[in-house]
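Down below is the structure, laid out as structure tokens.
The values are calculated or read from the model by the stated rules, or taken from the named source; none is laboratory data. These numbers come from a predicted model, not from an experiment. Cβ coordinates were reconstructed from backbone atoms using ideal geometry, including for glycine residues, and neighbour counts include every protein chain displayed.
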Amino acid sequence: MSAPAVKEPGCGPLPLADHHCQNGAPRLGAAEIAAHLATLPGWTMEGQRIEKHFVFSAYHQTIAFVNAVAWIAERENHHPVLSVHYDQCAVAYATHSAGGVTLNDMICAAKIERVVA
């Protein structure tokens, strides 16, 4: 299942992973969060953030994944909380300035899903 399409001003709908983070994104409501999470396998709402645990078969795969997430974070200027271990990495997103989950968090989660697909 693909992420809900978001309409870009002046354009047709684009897949979530094709968008870029925007400054000042507002906090999403529960229904919007649920709709996006339904299309992001394994991502869950934990408190005021979304998160997912990724498991790998070797250390170098874990670090390659972390580097890919870091590249996305720098490109989007939206940085997750990472918990890195030998064969796994937990990724959590929330937008502190909005006090919860925004479209930026969903965009970055969708970009990560595209990397691991």
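Within segment 95-116, residues that are over 19 Å from VAL66 (Cα atoms) sit with their Cβ atoms under 7 Å from residues that are charged (D, E, K, R), at 6+ positions apart or across chains, in these pairs: THR95/ASP105; ALA98/ARG27; GLY99/ARG27; GLY100/ARG27; VAL101/ARG27; VAL101/ARG49; THR102/ARG27. Kindly indicate whether VAL84 is free of Cβ contacts under 8 Å to residues at least 24 places away in the same chain and surrounded by 12 or more Cβ atoms within 10 Å (Cβ to Cβ). Taking the combined requirement at face value, the residue satisfies it. I'd like the full set of residues that are small (Gly, Ala, Ser) and within 19 Å of HIS20 (Cα to Cα), limited to segment 56-83. Hits for segment 56-83 are ALA68, ALA70, ALA73.
Please verify whether THR62 is within 13 Å of ASP105 (Cβ to Cβ), among the hydroxyl-bearing types (Ser, Thr, Tyr) and in contact with a strand residue (DSSP E or B) (Cβ under 8 Å, 6 or more places away or on another chain), treating the condition exactly as stated. Spelling it out, it is not the case that THR62 is within 13 Å of ASP105 (Cβ to Cβ), among the hydroxyl-bearing types (Ser, Thr, Tyr) and in contact with a strand residue (DSSP E or B) (Cβ under 8 Å, 6 or more places away or on another chain).
In segment 10-36, the residues that are at pLDDT 95 or above and loosely packed, with under 11 Cβ neighbours inside 10 Å reach residues that are part of a loop (DSSP other than H, G, I, E, B) and of a type in the set (S, T, N, Q) with C-beta atoms within less than 9 angstrom, at least six apart or across chains, in these pairs: ASN23/ASN77.
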